[in-house]
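Just so you know, all these numbers are worked out from the coordinates, no wet-lab data involved. This one's a predicted model, so the numbers in the text were calculated from it and none came from an experiment. Heads up, the Cβs are rebuilt from the backbone with ideal geometry, glycines too, and the neighbour counts pull from every protein chain shown.
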Amino acid sequence: MEEYPIGVVVGSIRRDSFNLRLFEALAKLAPQEFLFKRLRIDDLPLYNQDDDANPAESVVRLKKDILSSRGLLFLTPEYNRSMPGVLKNALDHASRPYGQNAWAKKPAGVLGISIGPSGTAMAQQHLRNVLAYLDVPLLAQPEVFLQAKEGLFDQSGNIGAASKDFLQGWMDRYVAWVKKHAA
């Protein structure tokens, strides 16, 4: 069976992140050949172009992990109507120096969860703009803007019954997207 290592970027580094919880539940909906690896972004220094010639070990690791992935999955909260700074910092590091963009050509899905009723719509739009510029083929539909509320997750941490069909449909589309573009 062909394997699909997927690099996962959770845009929140908060210990009790809703987006981390969503990733853990969502991964259970994927076929077994999809091997998810959370990419570490919490230890990256702030991006500084002066460091391009001599990147920090954490930056080298991030780029290596991205390059060894056949697809990407981004889960982002919304901070002040945009993506978190830690996520933007990771995007900048792995796309530099010019001509060495590790993100390019990696098929990706974007989704997110927040406590607000609009989910992470604005953050995802900003993230999608950056990813489009970075030449990342993005799954466009269905969009997933989730609100963290009772019943989204069951007692075992799985996707709850009311959202399971929708999120399984999203996962099925994502799997097909990655397989199409990673060929």
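Provide the net charge surrounding GLY109, with neighbours chosen by a C-beta distance below 12 Å and charges set as Lys +1, Arg +1, Asp -1, Glu -1. Spelling it out: positives minus negatives among the neighbours equals +1.
Using the Cβ of ALA140 as centre and a radius below 14 Å, the other residues enclosed give a net charge of +2, where K and R count +1 and D and E count -1. The gain in end-to-end length when the ASP50 to ASP16 segment is fully stretched comes to 8.8 nm, 0.36 nm per residue minus the alpha carbon separation.
Over the chain, dividing the summed -39,500 (n - 2.57) contributions of all DSSP H runs of at least 4 residues by the number of residues returns a 222 nm mean residue ellipticity of -11500 deg cm²/dmol. Counting Lys and Arg as +1 and Asp and Glu as -1 over every other residue whose Cβ lies under 14 Å from the Cβ of ARG40, the net charge comes to +1. Neighbour counts of C-beta atoms inside 10 Å place TYR174, TYR47, TYR98, TYR133 in the sequence TYR98, TYR133, TYR47, TYR174, starting with the fewest. Bridging of LYS106 to lysines at a Cα separation below 21 Å is possible for LYS37, LYS63, LYS64, LYS88, LYS179, LYS180, once same-chain residues fewer than 8 apart are set aside. Sparsely packed loop sites in the stretch 1-97 (the trypsin sites (Lys or Arg not before Pro) outside DSSP H, G, I, E and B with at most 15 other Cβ atoms within 10 Å) comprise ARG14, ARG15, LYS28, ARG40, ARG81. In the chain, the C-alpha radius of gyration followed by the widest Cα-Cα span (Dmax) gives 15.8, 50 angstrom.
For the chain, the Cβ-based charge dipole about the Cα centre amounts to some 180 debye (Lys, Arg positive; Asp, Glu negative; other atoms uncharged). Under the simplified labelling scheme, the ASP154-LEU35 pair shows an inter-label distance of 2.8 nm, with each label point 7 Å from Cα along Cα→Cβ.
For a label point 7 Å from the Cα of MET1 along Cα→C-beta, name the residues of the stretch 9-41 whose backbone N is under 18 Å from it. Taking a point 7 Å out along Cα→Cβ of MET1, the residues of the stretch 9-41 whose backbone N falls under 18 Å are 26-37.
Summarising the strand pairing of the stretch 4-181, around 10 percent of its internal DSSP beta bridges are antiparallel. Restricting the calculation to Cα atoms, the stretch 78-120 shows an Rg/Rh of 1.07 when the hydrodynamic-style radius is the Kirkwood one.
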